1. Using C-alpha positions alone, give me the convex hull volume of chain A per residue in cubic angstrom.
2. Can you pull the mean other chain C-beta count within 10 Å for peptide A:68-80?
3. Lysine pairs, Cα distance under 19 Å, 8 or more residues apart or cross-chain: how many in the protein assembly as shown?
4. Below 8 Å, C-alpha to C-alpha, sequence gap of six or more: please give me the relative contact order for the stretch B:78-173 in percent.
5. Can you compute the charge dipole magnitude of the protein assembly as shown about its Cα centre, using +1 on each Lys and Arg Cβ and -1 on each Asp and Glu Cβ, nothing else charged? Give it in debye, rounded to the nearest 20.
6. Classify the stretch A:109-186 from the C-alpha gyration tensor, please: rounded if a/c falls under 1.5, else prolate or oblate depending on whether a/b exceeds b/c.
7. Which of the GluC sites (Glu not before Pro) found in the stretch B:97-187 are in a DSSP loop and have at most 11 neighbouring Cβ atoms, other than their own, within 10 Å?
8. Using a 7 Å offset from the Cα along the Cα-to-Cβ direction at both A:ALA211 and B:LEU146, what is the distance between the two label points in nm, to one decimal?
Amino acid sequence: MIEFNRVSKRYVDHDALRDVSLTIGTGEMVFLTGHSGAGKTTFLRLLMLLERASMGSLRVDGRDTARIKGRNIGRYRGEFGIVFQDHQLLYDRSVLENVALPLEIAGFRPRDIQRRTRAALDKVGLLGREKANPAVLSGGEQQRLGIARAVVARPRFLIADEPTGNLDPQLSAEIMGLFEAFNRVGVTVIVASHDLALISRLRHRIVTLKAGRLVAGAGQ
Amino acid sequence: MNKPAAGLGIAPRASVVSWIHHHRQAASNSLLRALRLPVATGLTWLVVGIALALPASLLVILQNIEAVTHDMRSPARFSVLLEADTSLNAAEEILKRIESRVDVRDVTLIPQDQALARFAADTGLVGLLDSIPDNPLPHTLLVNPLASVESEGLSDLAQGLKAVRGVDQVVFDTLWQARLAGVLQAGRRLVMGIGLLMMMGAVLILANTIRLAIEARRDEIVVIKLIGANDAYARRPFLYTGLWSGFGGGLLGAIMVGIFFIYLSEPVNQLLQLYSSDRRFTGLGIMGVLNMMFLGGALGLLSAWHAATTQLRELEPR
């Protein structure tokens, strides 16, 4: 469970989040929406401990994230799968090696890495492209590769920041379908997107931020 | 909301098998990455090699000088000149007394007649010495100390010999040996000093190479930290980069010393022959080559550890 309790994030020149209180249940899928600058990315960055809240508390499965420090941050982040709008793939490694990375970091055995990596690639429809360089894949394929990397270690939370921002409507729907599939097996999914037309078609809670304030979707 | 799946969650971290696997992977990838950039890698190895080759060459030369001068050193021996009026019997008594010392190996008596005859034979002054009514030379004892007696013990022995009744003078010329030892000691320190300076230079160069390598892979590091890698995981490939750079530099340095040795050995061996020495100019040897490689590797590891630890700490996802 993720609990934001009166969380604010203040930068030197502006407030990115103001007094946000929100609970996301385990196994829930939530869309985070709002205009550019509404605070969606800051919300996710606080969750990933890339930033610290200026005020309020953020608890994940009962743990106060303010107390997570140093080498434990890596371990904490390992519980999340993250999908970026710009994929953030490593182009000097093959498709297989990109997907295997979270498993290597998490300390899986080599044979388990092979098995799980192939399974993840199969789920996103990229089995057979293991040896390819990510640079030769299309935008949609690169995003699916990013998703495979995000889910391969079976994270408890899957976070996506504008994952369909660069994709056409058909591919966007395909990607959302993948997120829903992972949510169906119990992964808590949080997707930041400003594509209201797309997310309103899916039957999940939509949390709306406006100028750093939570304006809709606070209740489960 | 869907039910959480049973068994989801992250596996126990870093099993030994996986840890070894990642080390092997980091080691081989770092080496391949270095070999894919032969010019840059070659230049780094060359700089490290030169930094190690200079003190190593000086050390080889010094060791050869030490070996040659060791051969030239005569064992320590005291000439104990007895008082002029000492009889032969008294001289033999003194011999026994000195021989009983724990720091003396053996004592030889050269009676004054024998000493004069030897002097006459050595100098060719037989006729002249025959005309001298009294033998001006005293009985002499040649005292050989035990081999284990070092410089301070030799001084004590000299004092002890001087204190024996009937002894007039104790002659022991150690000055040239002391001078030689001093020169060699200074030489050793010079080599150590140059070696330390050159190694510091090598460490700085390697650290800079690692910093550049980290900078070149900044995006990759940010991504792997974002998906859960800690600093140790991110640092590992760079430690191997440092290790390989040091190993390669050490090997290249050993090759340079080898070439220098081949270039120098012929004239030096001729010189040694002129001094009737059985010695031959000797190089690093296999152990020397391995030592240089390990020293280079250790320096590389040290540089990489320092550079990567400080830089990766600052390199956080933004």
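1. Numbers: hull volume 27.6 nm³, N = 220.
Per residue, the Cα convex hull of chain A comes to 125 Å³.
2. Values: counts 0, 0, 2, 3, 1, 4, 12, 4, 1, 7, 7, 3, 4.
If you average over the peptide's residues, the count of other-chain Cβ atoms is 4.
3. On the way: A:LYS9/A:LYS40; A:LYS9/A:LYS69; A:LYS9/A:LYS210; A:LYS40/A:LYS210; A:LYS69/B:LYS225; A:LYS123/A:LYS131; B:LYS96/B:LYS162.
Qualifying lysine pairs in the protein assembly as shown: 7.
4. Details: 127 pairs, mean separation 46.8, N = 96.
Once normalised by length, the contact order is 49 percent.
5. On the way: 60 positive and 49 negative charges, 846 e Å.
Once rounded to the nearest 20, the dipole reads 4060 debye.
6. Numbers: a/c = 2.06, a/b = 1.20, b/c = 1.73.
Because a/c hits 1.5 or more and a/b fails to exceed b/c, the stretch A:109-186 counts as oblate.
7. On the way: sites: B:GLU99, B:GLU150, B:GLU152; in loops: B:GLU150.
Hits after loop and neighbour filter: B:GLU150.
8. According to this spin-label approximation, the distance is 9.8 nm.
Every number here is computed from the coordinates shown, using simple stated rules; none is lab data. On a predicted model such as this, the values are computed, not experimentally measured, just so you know. Positions of Cβ are generated from backbone atoms using ideal geometry, with glycine treated the same way; all protein chains shown enter the neighbour counts.
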